[in-house]
1. Looking at the stretch 77-179, what strands (runs of 3 or more DSSP E) fall wholly within it and have at least 2 residues that are under 30 Å from residue 41 (Cα atoms), under 15 Å from the mean Cα position of the chain (by Cα) and in contact (Cβ under 8 Å) with a residue 60 or more places away in the chain?
2. For residues that are among the charged types (D, E, K, R) and in a loop (DSSP other than H, G, I, E, B), scanning just the stretch 43-76, find the one that is farthest from the chain's Cα centre (by Cα).
3. Take the stretch 57-78 and flag every residue that is modelled with pLDDT of 95 or more, aliphatic (A, V, I, L, M) and either crowded, with 21+ Cβ neighbours inside 10 Å or within 15 Å of residue 167 (Cα to Cα) (or both).
4. Residues in the stretch 134-149 that are more than 15 Å from residue 102 (Cβ to Cβ) and either among the charged types (D, E, K, R) or modelled with pLDDT of 95 or more (or both): how many?
5. With respect to residue 209, is the statement that it is modelled with pLDDT of 95 or more, over 20 Å from residue 94 (Cα atoms), more than 17 Å from the chain's Cα centre (by Cα) and of a type in the set (Asp, Glu) true?
6. I'd like to know if the stretch 154-161 contains one or more residues that are out of contact with any helix residue (DSSP H, G or I) (no Cβ under 7 Å at 6 or more places or on another chain) and within 23 Å of residue 207 (Cβ to Cβ).
7. Quick check on the stretch 203-225. Is at least one of its residues in a strand (DSSP E or B), surrounded by 13 or more Cβ atoms within 10 Å (Cβ to Cβ) and basic (Lys, Arg)?
8. Could you please let me know if residue 87 is of a type in the set (D, E, K, R) and at pLDDT below 90?
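The values are calculated or read from the model by the stated rules, or taken from the named source; none is laboratory data. Here the structure is a predicted model, which means the values were calculated and not measured. Ideal geometry is used to build each Cβ from the backbone, glycine not excepted, and the neighbour counts take in all protein chains shown.
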Amino acid sequence: MKSLIKKLLRLLGWKLIKIRKPPKPNPYGKLDIDILKSINNCSGILHLGAHRGTEAEVYNWFGKKVVWVEALPETYKHLKDNLYFYKNQRAYCALLSDTDNQIKKFNVSNHDGACSSIFEFTEEIKKSEIWTKKNHKMVDRKNLITQTLDTLIYKNNINPKEYNHWILDLQGAELLTLKGSEKSIKSCKSMVIEVSKKKFYKGGVLWTELKNWLLVRGFYQTREPNQDEEDILFLRK
């Protein structure tokens, strides 16, 4: 019924949206100048781990076309709604990994699913003061089918050369996704990855392993992370 109402409203030039707490202003307020330069100089952006696409206006301000990928179907619907007026930005729903067509249990977290992951929280993190203070926990699990980034790009006729700046925020699954992008990554010139020095997720990749994997493929980090979890820019040599 809701889908029918949405279609009817769009035919009449109206849009039905869900009322929720607005995102914090300027999601890139703390970015360094090198990241801003990478966004400005890229041909387009590939944002993996889209959530609701709060950065869409920033990308639009830079005049960049964007491909977003979000794993959770319900969040993906909201993402598409949020991108409605950005005609140069498109979204896909896929659980990215290093293999295709595997059924995986995807853990959905509280706090609007911001920490949702293919992995569970570690016992160490569950007992930490910062974790208990924020009351992070998994509240649901969904069976989702995996897809590699290479497959998603091929099936949707996406030219990876047109999206040569990547952003990965995948809650521990960054390396799995990169392993599934061996073809596409050849077109990538820069990427921003949320890296972890502390083991937040069981099986999630840690900083040293991720850095070494990218170094073999011609990427170097612009700096070392200062916090347990932080966005780091990688550039191709």
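1. Numbers: elements: 89-93, 103-109, 138-147, 165-168.
Of the strands (runs of 3 or more DSSP E) lying wholly inside the stretch 77-179, those with at least 2 residues that are under 30 Å from residue 41 (Cα atoms), under 15 Å from the mean Cα position of the chain (by Cα) and in contact (Cβ under 8 Å) with a residue 60 or more places away in the chain span 165-168.
2. Result: 64.
3. Once the filter is applied, which keeps residues that are modelled with pLDDT of 95 or more, aliphatic (A, V, I, L, M) and either crowded, with 21+ Cβ neighbours inside 10 Å or within 15 Å of residue 167 (Cα to Cα) (or both), the stretch 57-78 yields 66, 67, 69, 71.
4. Step one: list which residues in the stretch 134-149 are more than 15 Å from residue 102 (Cβ to Cβ), which gives 134-141.
Subset that is either among the charged types (D, E, K, R) or modelled with pLDDT of 95 or more (or both): 134, 137, 140-141.
Result for the stretch 134-149: 4.
5. Details: modelled with pLDDT of 95 or more: yes; over 20 Å from residue 94 (Cα atoms): yes; more than 17 Å from the chain's Cα centre (by Cα): yes; of a type in the set (Asp, Glu): yes.
Taking the combined requirement at face value, the residue satisfies it.
6. Taking the stretch 154-161 first, the residues out of contact with any helix residue (DSSP H, G or I) (no Cβ under 7 Å at 6 or more places or on another chain) are 154-159.
Now drop any that are not within 23 Å of residue 207 (Cβ to Cβ), which leaves none.
For the stretch 154-161, residues out of contact with any helix residue (DSSP H, G or I) (no Cβ under 7 Å at 6 or more places or on another chain) and within 23 Å of residue 207 (Cβ to Cβ): absent.
7. In the first step, residues of the stretch 203-225 are kept if they are in a strand (DSSP E or B); the result is 219-221.
Then drop every residue that is not surrounded by 13 or more Cβ atoms within 10 Å (Cβ to Cβ), which leaves 219, 221.
From what's left, basic (Lys, Arg): none.
Checked against the condition, which is being in a strand (DSSP E or B), surrounded by 13 or more Cβ atoms within 10 Å (Cβ to Cβ) and basic (Lys, Arg), the stretch 203-225 yields no hits at all.
8. Working: of a type in the set (D, E, K, R): yes; at pLDDT below 90: no.
No.
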